[in-house]
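K.L.:
Attaching a single structure in structure tokens format; questions to follow.
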Amino acid sequence: MASIENISASTPARSTRPNWLVRDLVGLAVILVVAAIGYFLFPNNLALLTRILGVALLVLSIDLVTGFCGIATLGHAALFGAGAYASGIAAVHFGITDPLLMVVVGAVGGAVAGVVSGAVILRGHGLAQLVLSIAVVHLFHEAANKASAYTGGSDGLSGITPDPVFGIFAFDLWGRTAYGFAVALVVITFIVLRLITRSPFGMLCRGIKEDPIRIRAMGASVQGTLLKMYVISGAVAGTGGALNAISTQVVGLDSLSFTLSAEALVMLVLGGTGSLYGALIGTVSFMWFEDFVSAANPFHWLTIVGALLIAVVLFAPRGLYGTGLSFVERFRGNAK
Amino acid sequence: MSAVFQVENLNKAFGGLAVTQNISITMNPGDRVALIGPNGAGKTTFVNLVTGHLEPDSGKVVLAGNDVTALGPVPRVRQGLVRSFQVTRLFPDMTPEEHLALAVMQRTGRTGAIFGHYQAKADVMAEVAELLRTLGLDHIATRKVAEIAYGQQRLLEIALALALKPKVLLLDEPAAGVPQSDTPRIEVALAGLPADLAVLMIEHDMDLVFRFAKRVIVLAAGAVIFDGSPGDVTRDARVREAYLGSYANDRSAA
């Protein structure tokens with residue numbers, strides 16, 4: 001261990017780079033293994049697993065703005081819902097039923113919603129920012145409700161019938177194709193986001209989160225950078241929304257709700273912010289636990305979920321991933 | 001030699017209180033100027049006016065021949081007016097290497113890239129290594145800033161400013177908060193600043209001022225009361241009265 005440290009001190013460029021590459025490859029392998037375990041362990045519950053993956057994209061998108069940029073938001077479902085409605089409307093009203101095209105439309109829809117909501121939310125800071133984000137999701141919700149000719153209003157947008165993926169894999173009743181499609185989307189998105197967060201732009205975002213005044217003193221635009229991240233985040237959330245529309249073949253107003261926004265933020269805090277891994281762990285833990293507890297005790301499940309959240313926030317404030325990581329680091333420190 | 005930095009008749013008042021009165025300063029490349037003055041003399045307001053954080057009531061700020069008075073802080077930095085902070089403003093979770101790489105990439109217009117890694121950019125890494133070596137920070141290049149000593153953070157603050165290749169550098173009390181034992185390292189760093197860089201240092205530590213500056217400007221009640229050589233400043237009656245007091249008497253006695 002000591003020799004490795006010596007090397008890293010003398011030639012940082014060569015030693016640290018493969019370090020994160022190896023770590024990310026291991027992380028990717030873990031994601032694929034967990035996805036495979038889910039497939040074989042819960043073959044009758046693939047719809048829930050697919051739903052979890054759709055929400056995981058939303059939680060990842062919140063991590064981009066909250067975990068990496070320090071923006072407070074309780075309205076991120078606006079971007080998720082915008083993606084879901086964009087791809088749903090494209091399928092129902094414009095005949096775009098190729099699932100990959102629907103995902104692209106969803107991502108673009110989410111990105112456009114990101115520009116709009118980012119332009120509003122980024123004008124505030126702290127509490128004002130939080131309130132603006134809540135206002136935005138309510139406005140999006142109301143707009144979708146009123147535009148019922150396109151969105152189906154409170155009845156939801158139904159009749160979405162996606163074509164087979166690549167013209168080969170039809171969306172089956174058991175949700176196998178949908179699950180495979182979802183895993184592929186999450187894995188690709190995750191890889192892209194790992195690259196983005198390590199890029200010069202990602203470093204700039206981390207810098208803004210830690211000290212925006214220093215970033216300005218370096219001659220960088222804080223607002224422009226944050227808006228750009230908001231647009232990327234919107235594309236990711238929109239991808240999640242599109243996935244939801246494709247897999248459930250219906251889009252409801254709940255996909256644009258404050259409740260979903262707040263729950264997704266809770267999942268992020270549960271898993272841990274600013275690592276992307278925490279977003280995935282938080283989503284899977286929260287939604288699996290919620291499903292498990294609500295089946296086991298339909299009367300008191302919300303109480304149990306609440307108690308779990310209090311326990312995590314009080315005893316593991318860095319989230320499940322952050323706490324796990326510090327345990328590993330401490331273990332390694334003791335082992336040296 | 002043409003002036004790289006000119007402040008012309010700068011005025012600013014908060015309500016009825018004039019905090020900056022007709023300040024005019026001209027600096028050439030390579031100048032080493034110290035700006036001193038008692039508390040409340042208007043030094044911070046002056047820095048804020050010059051860096052674009054405050055708008056003057058009247059007057060001009062000219063940088064390398066361009067009038068930047070109407071510009072905000074960010075474009076002024078891009079044109080070469082860079083400042084350091086009195087209390088370090090660094091990113092606790094990042095390493096010195098990351099700080100400097102970010103600054104170099106920002107200067108060269110590459111922080112918008114959403115793919116790629118700074119360690120893969122040979123020119124960035126070479127420049128970062130050079131800066132780390134110059135400031136004696138290479139042995140802690142990959143440690144998190146939160147874990148390094150305050151004196152080293154002050155040096156990183158200077159390195160960060162240099163990474164932006166400024167034409168004019170405003171150093172706001174570069175040795176503030178640094179333990180006495182580390183002050184010589186800051187002074188070595190200051191002595192090693194690029195020869196063509198115009199440096200304006202705001203400082204309370206008179207020993208540092210007299211060792212560093214070739215010219216001293218004294219502010220009192222928002223106005224320049226002295227602009228001349230360090231040798232003359234202690235002999236100036238108005239300065240003695242307004243600011244230096246016993247220190248001036250001690251120095252002239254010695």
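K.L.:
Looking only at segment A:34-68, how many residues end up being among the hydrophobic types (A, V, I, L, M, F, W, C) and surrounded by fewer than 18 Cβ atoms within 10 Å (Cβ to Cβ)?
P.N.:
Number of matching residues: 8.
K.L.:
B:Gly151 fails exactly one of the following numbered conditions: (1) more than 8 Å from every other protein chain (Cβ to nearest Cβ); (2) part of a helix (DSSP H, G or I); (3) at pLDDT 95 or above. What is the number of that condition?
P.N.:
Among (1) more than 8 Å from every other protein chain (Cβ to nearest Cβ); (2) part of a helix (DSSP H, G or I); (3) at pLDDT 95 or above, B:Gly151 violates only (3).
K.L.:
Go through segment B:167-185 and report how many residues are buried (at least 20 other Cβ atoms within 10 Å of the Cβ) and free of Cβ contacts under 8 Å to residues at least 40 places away in the same chain.
P.N.:
Matching residues across segment B:167-185 total 2.
K.L.:
Taking B:Leu171, is it within 14 Å of another protein chain (Cβ to nearest Cβ) and either assigned to a loop (DSSP other than H, G, I, E, B) or touching a His at 6+ places or on another chain (Cβ under 8 Å) (or both)?
P.N.:
When the stated conditions are applied, B:Leu171 does not pass them.
K.L.:
Can I ask one more? Taking the conditions exactly as written (in contact (Cβ under 8 Å) with a residue 24 or more places away in the chain, touching a Phe, Trp or Tyr at 6+ places or on another chain (Cβ under 7 Å) and either at the interface with another protein chain (Cβ under 10 Å from one of its Cβ atoms) or closer than 27 Å to B:Val199 by Cα (or both)), does B:Ala101 satisfy them or not?
P.N.:
yes
K.L.:
Another question, then. Step by step: first the residues of segment A:110-124, then only those that are assigned to a helix (DSSP H, G or I) and hydrophobic (A, V, I, L, M, F, W, C), then the one that is nearest to A:Leu79 (Cα to Cα). Which residue is that?
P.N.:
Among residues in segment A:110-124 that are assigned to a helix (DSSP H, G or I) and hydrophobic (A, V, I, L, M, F, W, C), the one nearest to A:Leu79 (Cα to Cα) is A:Ala113.
K.L.:
Find all pairs meeting these conditions: Cβ atoms under 6 angstrom apart; at least six residues apart or on different chains; first residue within segment A:95-122 and closer than 29 Å to A:Lys209 by Cα and in contact (Cβ under 8 Å) with a residue 24 or more places away in the chain; second residue among the aromatic types (Phe, Trp, Tyr) and buried (at least 24 other Cβ atoms within 10 Å of the Cβ).
P.N.:
Note: pairs meeting the criteria are A:Gly114/A:Tyr230; A:Gly118/A:Tyr230.
K.L.:
Only residues that are out of contact with any helix residue (DSSP H, G or I) (no Cβ under 7 Å at 6 or more places or on another chain), in contact (Cβ under 8 Å) with a residue 60 or more places away in the chain and under 16 Å from B:Ala220 (Cβ atoms): list them for segment B:3-28, please.
P.N.:
Across segment B:3-28, the qualifying residues are B:Ala18, B:Gln21, B:Asn22, B:Ser24, B:Ile25.
K.L.:
Could you please find all residues in segment B:70-93 being more than 17 Å from the chain's Cα centre (by Cα) and buried (at least 19 other Cβ atoms within 10 Å of the Cβ)?
P.N.:
Across segment B:70-93, the qualifying residue is only B:Phe91.
K.L.:
Kindly indicate which of A:Val120, A:Val136 is within 30 Å of B:Arg107 (Cα to Cα) and away from chain B (no Cβ under 14 Å).
P.N.:
A:Val120
K.L.:
Shifting gears a bit: Hey, does segment B:88-97 have a residue that's touching a residue at least 60 places away in the same chain (Cβ under 8 Å), more than 8 Å from chain A (Cβ to nearest Cβ) and among the polar types (S, T, N, Q)?
P.N.:
Yes, that holds for at least one residue.
K.L.:
A follow-up question, please. Report, by residue number, each residue of segment B:107-137 that is part of a helix (DSSP H, G or I), more than 8 Å from every other protein chain (Cβ to nearest Cβ) and over 23 Å from the mean Cα position of the chain (by Cα).
P.N.:
B:Ala122, B:Asp123, B:Val124, B:Ala126
Quick grid of which residues meet (1) among the hydrophobic types (A, V, I, L, M, F, W, C); (2) touching a Leu at 6+ places or on another chain (Cβ under 8 Å); (3) farther than 30 Å from A:Gly38 by Cα:
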position: A:Leu157; (1), (2), (3): yes, no, no
position: A:Leu173; (1), (2), (3): yes, no, no
position: A:Gly207; (1), (2), (3): no, yes, yes
position: A:Leu227; (1), (2), (3): yes, yes, yes
position: A:Gly240; (1), (2), (3): no, yes, no
position: A:Ser255; (1), (2), (3): no, no, no
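K.L.:
Would you pick out the residues in segment B:69-87 that are among the aliphatic types (A, V, I, L, M), touching a residue at least 40 places away in the same chain (Cβ under 8 Å) and part of a loop (DSSP other than H, G, I, E, B)?
P.N.:
The answer is B:Val87, and nothing else.
K.L.:
Additional query: Which of the helices (runs of 4 or more DSSP H) contained wholly in segment A:150-223 include at least 2 residues that are away from chain B (no Cβ under 11 Å) and at pLDDT below 95?
P.N.:
By residue number, A:176-198.
The values are calculated or read from the model by the stated rules, or taken from the named source; none is laboratory data. Only a predicted model underlies this, so the values are computations on that prediction, with no experimental measurement involved. Heads up, the Cβs are rebuilt from the backbone with ideal geometry, glycines too, and the neighbour counts pull from every protein chain shown.
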